[in-house]
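Beneath this line is the structure, given in structure tokens, with notes to follow.
The values are calculated or read from the model by the stated rules, or taken from the named source; none is laboratory data. Note that the coordinates shown come from a computational prediction; the quantities given were computed from them, not determined experimentally. A quick note on method: Cβ atoms are made from the backbone with ideal geometry, for glycine too, and the neighbour counts reach across all protein chains shown.
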């Protein structure tokens, strides 16, 4: 028997793919009354090549959350040491105990042009819990969640 998730861990690095995955996670979590844990990996390289500060990422999460009606008390932000795949694999255990991991198909990695990023591919191969890889829209063809957000009042 399939049970709905109670805790959803979503990988978030500030990329457009991660933002789409966050929207997807929030849309899934709200009617299920599931908790969403927004997970950011803080590895050595990410500190040296930081695209966004952790505060910038938290602000971005709040902006995406503002697109949804109601309180977002079911959302929390976690930063963990390590590479993105390892951090998201650990989300299945204490203290997060996620029963679903959600990621975008591409992050801020160096292998542009691939359909799947290395993190999403590794998660799909190694995770002990279900993984959802939310596709990004191709240029000129946004995903349903990107269209919903762009039609929201600012």
Within the range 75-91, the residues that are touching a helix residue (DSSP H, G or I) at 6+ places or on another chain (Cβ under 9 Å), crowded, with 18+ Cβ neighbours inside 10 Å and over 14 Å from residue 43 (Cβ atoms) are 75
Please determine whether any residue of the range 40-56 is under 16 Å from the mean Cα position of the chain (by Cα), modelled with pLDDT of 90 or more and not in a loop (DSSP other than H, G, I, E, B). yes
Does the range 60-69 contain any residue that is under 22 Å from residue 122 (Cβ atoms), out of contact with any strand residue (DSSP E or B) (no Cβ under 7 Å at 6 or more places or on another chain) and modelled with pLDDT under 90? no
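Matching residues to (1) out of contact with any helix residue (DSSP H, G or I) (no Cβ under 6 Å at 6 or more places or on another chain); (2) modelled with pLDDT of 90 or more:
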{"position": "93", "(1), (2)": "yes, yes"}
{"position": "99", "(1), (2)": "yes, yes"}
{"position": "102", "(1), (2)": "no, yes"}
{"position": "105", "(1), (2)": "no, no"}
{"position": "117", "(1), (2)": "yes, no"}
{"position": "129", "(1), (2)": "yes, yes"}
{"position": "137", "(1), (2)": "no, no"}
{"position": "142", "(1), (2)": "yes, no"}
Can you find a residue in the range 13-32 that is touching a strand residue (DSSP E or B) at 6+ places or on another chain (Cβ under 6 Å), crowded, with 24+ Cβ neighbours inside 10 Å, touching a residue at least 60 places away in the same chain (Cβ under 8 Å) and in a strand (DSSP E or B)? no
